[in-house]
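Contents: one structure, followed by commentary.
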Amino acid sequence: MIDHVYISVTDIGKSVAFYVGALKPLGWREFGNYDAASGPDNVPNLFGLGDDAYISGTGVGSSIWLRQRQPGETGLYIGIVCDTNEAVDAAYLAAINAGGIDEGGPAHRTYFAPGYYAANVADFDGNRLEFVHKAWNPAR
């Protein structure tokens, strides 16, 4: 299951309005922002939209995070749900063994939330995967 996707956009205001409008009939809404000043240098400002399950915490849901596109930036960022921290570790190791590029080994990412455990890799074209286990998600 896809947990979250980062979409790099050229105009945050217009893009937030577009995604809020387009996804509203599906029960999605804007729910908050992540301020880059509270985390590591490689995590940008993020503007979040989510479905009801994601926002309410009543199930494993999905979110989209808009970020300001940087000059020359391309590629996709997808967060993939893992059921345990051990699954994050295994997926990360498998991706590295398959030729992936390390972008942050398995670790607790408490700057996002307590119980957020993740690892990041990139493929040969700069597309990024985040394997993530959120301790608060109900078992699937």
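Quick notes on this one:
- Looking across the stretch 12-45, the residues that are in contact with a strand residue (DSSP E or B) (Cβ under 9 Å, 6 or more places away or on another chain) and among the charged types (D, E, K, R) come down to R29, E30, D35.
- Selection of the stretch 1-54 for residues being of a type in the set (D, E), within 20 Å of V81 (Cα to Cα) and either assigned to a strand (DSSP E or B) or within 15 Å of the chain's Cα centre (by Cα) (or both) yields D3, D51.
- Subset of the stretch 65-88 [in a helix (DSSP H, G or I) and either open to solvent by 60 Å² or more (accessible area, probe 1.4 Å) or touching a Gly at 6+ places or on another chain (Cβ under 8 Å) (or both)]: E86
- Residue match in the stretch 127-137 (condition: in a loop (DSSP other than H, G, I, E, B) and basic (K, R)): no
- Where a residue in the stretch 1-16 is touching a residue at least 40 places away in the same chain (Cβ under 8 Å) and its partner, wherever it lies, is charged (D, E, K, R), with Cβ under 7 Å and at least six apart: Y6/R67; S8/R67; S8/R69; S8/E73; V9/R69; T10/R69; V16/E30
- Residues of the stretch 89-114 classified as assigned to a loop (DSSP other than H, G, I, E, B), open to solvent by less than 60 Å² (accessible area, probe 1.4 Å), under 16 Å from D125 (Cβ atoms) and in contact with a strand residue (DSSP E or B) (Cβ under 9 Å, 6 or more places away or on another chain), total: 1
- Where a residue in the stretch 58-73 is without any contact (Cβ under 8 Å) to a residue 40 or more places away in the chain and its partner, wherever it lies, is open to solvent by less than 80 Å² (accessible area, probe 1.4 Å) and in a loop (DSSP other than H, G, I, E, B), with Cβ under 6 Å and at least six apart: G61/D51
- Tabulated pairs, the stretch 119-133, first free of Cβ contacts under 8 Å to residues at least 12 places away in the same chain and on the phi > 0 side of the Ramachandran plot, second crowded, with 18+ Cβ neighbours inside 10 Å and among the polar types (S, T, N, Q), C-beta under 6 angstrom, 6+ apart or interchain: none
- Test: residue in the stretch 20-39 that is closer than 16 Å to K134 by Cβ and either without any contact (Cβ under 8 Å) to a residue 24 or more places away in the chain or open to solvent by less than 50 Å² (accessible area, probe 1.4 Å) (or both): yes
- Between A122, A139, the distinction of being modelled with pLDDT of 85 or more and small (G, A, S) belongs to A122 only.
The values are calculated or read from the model by the stated rules, or taken from the named source; none is laboratory data. Note that this is a predicted model, so its numbers are computed, not measured. All Cβ positions, glycine included, derive from the backbone under ideal geometry; neighbour counts span all protein chains shown. To get the accessible areas, we keep the full protein, side chains included, count just its heavy atoms, and leave off ligands, DNA and RNA. Shrake-Rupley method; radii C 1.70, N 1.55, O 1.52, S 1.80 Å.
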